[in-house]
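Trainee: Take a look at this one; I'll ask things after.
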Amino acid sequence: MPEAPKYESLDAFDLTLDEKNKRKLQLIEELTSNADQVQRRVLEEILTRNADVEYLRRHDLNGRTDRETFKNVMPVITYEDIQPEINRIANGDKSPILSSKPISEFLTSSGTSGGERKLMPTIEEELDRRSLLYSFLMPVMSQFVPGLDKGKGMYFLFVKSESKTPGGLPARPVLTRLCRYRVGDLLRVTGFKNKAPQFSFICRKNVVLSIDSDKTDEVELQNAVKNAMTHLVPFDASLSEYTSYADTSSIPGHYVLFWELCLDGNTPIPPSVFEDCCLAVEESFNSVYRQGRVSDKSIGPLEIKIVEPGTFDKLMDYAISLGASINQYKTPRCVKFAPIIELLNSRVVDSYFSPKCPKWVPGHKQWGSN
């Protein structure tokens, strides 16, 4: 990896805090104004440094450092594709498998999506780069929060103690990335800072519910739940948290939503309202799902299970007990891990099913005349 800029150039002791902030903001302007050139240079430095690592040689990069060759030769991968190499490193193999620099420790993902943490190898100088990144936060924030530099701040870092891999390397909870590793988040470009794109988080990728040929992603699920919640507004009720899973223990299988509610009013919510919520969710899903419900009969009625208050706190506690970091934890919108499903089911207080099939109209192909 390329060397991080030296701290002295940004935080010289003879500069006032305001001058240091200005220098850091100026560096941001320079980097974002030349984003493409900076990215090309960084990639070239990474590939030059790691030209002889096993993984790059396996894909016949042969020391080339240009972007075009890199994109053509190196595959876009998932964690599972390089898990054997990561396991070798964790078990003590010190050869240059993924990096020419010695692997100093492993960073670990939260494990909230699949129930299992991922090990991400990192090198010693990576810590300096991360520290440098955080040093830019205050200068940027100071532009929008007057007087921020006048007070004091405290940062609470909730982490579990380090664990050790079989090879003796430390492993601690943080999320990082690997070369051409397919990160499981979907991002949208919302604008530009000079010539550098700005992103907003959309959803986690591949979070889908599926029973038959239907595929429901997180965005569609979120919109469907949002539509259903309008039925609870007259009762001063809102959704505190939710998750889902595809129950295939019976035939046909069906979608299950776990809802934890926040009740601000005293008016009881009739069962028919929750049934309307079930139907509203189904009405919001795509036509493939609705065809499976109406025509193919391959999908059963959607079920909403109301869970006790505090259930999703218990879910977070469970994830942390497995080694997840509280800083990283996010409620999974789709669960498949059996112990998590068991935990949720153990706290169900009521259950409701969709009372009828959603609307679905068969499509007709329009053939052009010859």
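Readers should treat all values here as calculations from the given coordinates under stated rules, not as data from a laboratory. Worth saying up front: this structure is predicted, and the values here are computed from it rather than measured. So basically every Cβ, Gly included, is an ideal-geometry build from the backbone, and we count neighbours across all protein chains shown.
Trainee: Criterion first (outside any loop (DSSP other than H, G, I, E, B) and of a type in the set (S, T, N, Q)) does Ser351 satisfy it? Show your work before the answer.
Mentor: On the way: outside any loop (DSSP other than H, G, I, E, B): yes; of a type in the set (S, T, N, Q): yes.
Taking the combined requirement at face value, the residue satisfies it.
Trainee: Quick check on the stretch 328-339: of everything there that is more than 14 Å from Phe258 (Cβ to Cβ) and under 13 Å from the mean Cα position of the chain (by Cα), which residue is surrounded by the fewest Cβ atoms within 10 Å (Cβ to Cβ)?
Mentor: Lys330
Trainee: For the stretch 195-283, which fully contained strands (runs of 3 or more DSSP E) count at least 2 residues that are touching a Ser or Thr at 6+ places or on another chain (Cβ under 8 Å) and without any contact (Cβ under 8 Å) to a residue 24 or more places away in the chain?
Mentor: By residue number, 196-204.
Trainee: Out of the residues in the stretch 294-327 meeting the condition of being among the β-branched types (Val, Ile, Thr) and more than 20 Å from the chain's Cα centre (by Cα), tell me which one is nearest to Thr248 (Cα to Cα).
Mentor: Just the residues of the stretch 294-327 that are among the β-branched types (Val, Ile, Thr), to begin with: 294, 299, 304, 306-307, 311, 320, 326.
From what is left, the residues that are more than 20 Å from the chain's Cα centre (by Cα) are 294, 299, 304, 306-307, 311.
Details: Val294: 18, Ile299: 10, Ile304: 15, Ile306: 20, Val307: 20, Thr311: 23 Å.
Filtering the stretch 294-327 for residues that are among the β-branched types (Val, Ile, Thr) and more than 20 Å from the chain's Cα centre (by Cα), the one nearest to Thr248 (Cα to Cα) comes out as Ile299.
Trainee: Scan the stretch 284-307 residue by residue and report those that are without any contact (Cβ under 8 Å) to a residue 60 or more places away in the chain and either aromatic (Phe, Trp, Tyr) or more than 18 Å from Tyr245 (Cα to Cα) (or both).
Mentor: Correct list: Lys297 only.
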